[in-house]
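Notes for the one structure printed next.
The values are calculated or read from the model by the stated rules, or taken from the named source; none is laboratory data. What you see is a predicted model; the values in this text were computed from it and never measured. Because the Cβ atoms are built from the backbone with ideal geometry, glycine has one as well, and the counts that use them run over all protein chains shown.
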Amino acid sequence: MSNSDAGMMSASSGDRQSFQRRHGIIGRSTEIREVVDTIMQVAPTDITVLVTGESGTGKEVIAKAIHGASKRASKKFIPVNCGAIPEGILESELFGHEKGSFTGAIETRKGYFELADEGTIFLDEIGDTPISTQVKLLRVLESGEFMRVGSPEPRRSDVRVIAASNKNLDEEVRTRRFRQDLFFRLRSVNIRIPPLRNRRGDISLLVEEFMRTLGGDASRDILITDDGMAALIRHEWPGNVRELKNVIESMIILERGNVIDEEVIAKYLQIMEEPEYGRSLPMHLGIAPEQAERELLFRMLYEIRNDVRELRELISERSSHSPLSLPAGQEREERPTIEFEDMTLRGMEEQLIAHTLRRFQGNRRLAAESLNISERTLYRKIKDYGL
């Protein structure tokens, strides 16, 4: 069932807007209305849902909305980025393992499917799973059964599965990189999220929301002119909503008290098109090295402040039995401080990455999200710094 099929029984405008506010879905475009109508129809059921769309369109937001509006809302929502887990340990992460089943398996451990029992598991980037794992996923979807690595004993888990991919799974099936039977099983309901360039009317709403949620009091000192907003609306946004959010966050940090016009917007959009630098430096490198260093330091300190807030939230969630953010068996250690005094620019980046990895017990997906960089960039930097 596609979005258009579900749209035949669309929700009332008031119900839809209330649902969007409750679940953080921003937009008034026809495309978003169709997505929300579909979510509202399928959420109360246990049907498997496939969410597709380009990177950065907000697939996890949609998955959380489905879970939050379901009868499983009080249970766990566990997101798993299948593309970020090395192929050799993905099966163990998903289904668990027995002690001694492989080198390094020093204890028996539950997998994500067991941890998500009675709740929802979100399999992000499912198109990146190896064929051998796809077979086991199909079995779980059809029978609810799986086996831990190293155990012949079948286990059961009552889990709702929501999957997502930014790949064209039809093409992956044609090239035999994705099993056809698993694809057919997943696409019972396929929610397609449009890229931001196809719903430009929502950009001003997203900007307002990010200014409010990311900037707080600081955003009151920022004025985006009409030509500045027009420049944001014209931009193609290859990184979609995630890219827009990063641009707004950078402007809030660096443009406080300033008027943001088309010229200022152009500077930030140029940054986002330079992946080697735009993620580390909040300003274009056509400035004095001393200024660039100060800005990088400011950005790092700002992110550490956010880390402290996020850590408090994670601890609060853990104590109230909210969805897990770290794999089972891992406990958070006391958070170390970072000393920037007499440190080079490269040293500051190395220390920040090492600190963030320690904070998330080596979970690279969570570390990359916290640092606002891609996992591929994080892997490269880990290798460069020998972390």
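Numbers at a glance
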| quantity | calculated |
| --- | --- |
| Residues that are surrounded by fewer than 20 Cβ atoms within 10 Å (Cβ to Cβ) and of a type in the set (A, V, I, L, M), drawn from the range 41-59 | Ile47 |
| Matching residues, the range 79-119, being part of a helix (DSSP H, G or I) and modelled with pLDDT under 90 | Glu87, Gly88, Ile89 |
| Residue list for the range 232-276, filter: among the polar types (S, T, N, Q) and at pLDDT below 90 | Ser250, Asn258, Gln270 |
| Evaluation of Thr225 against (1) farther than 22 Å from Leu254 by Cβ; (2) of a type in the set (Val, Ile, Thr); (3) over 25 Å from the mean Cα position of the chain (by Cα) (one fails), failing number | (1) |
| Single residue of the range 98-143 satisfying the filter (loosely packed, with under 15 Cβ neighbours inside 10 Å and in contact with a Lys or Arg (Cβ under 6 Å, 6 or more places away or on another chain)) that is nearest to Gly53 (Cα to Cα) | Glu118 |
| For Glu172: the one exception among (1) charged (D, E, K, R); (2) more than 26 Å from the chain's Cα centre (by Cα); (3) surrounded by 12 or more Cβ atoms within 10 Å (Cβ to Cβ) | (2) |
| The range 188-237, residues that are free of Cβ contacts under 8 Å to residues at least 12 places away in the same chain and outside any helix (DSSP H, G or I) | none |
| Test: residue in the range 75-89 that is of a type outside the set (S, T, N, Q), crowded, with 20+ Cβ neighbours inside 10 Å, under 18 Å from Arg155 (Cβ atoms) and touching a helix residue (DSSP H, G or I) at 6+ places or on another chain (Cβ under 9 Å) | yes |
| Of all residues in the range 63-74 being small (Gly, Ala, Ser) and outside any loop (DSSP other than H, G, I, E, B), the one that is surrounded by the most Cβ atoms within 10 Å (Cβ to Cβ) | Ala63 |
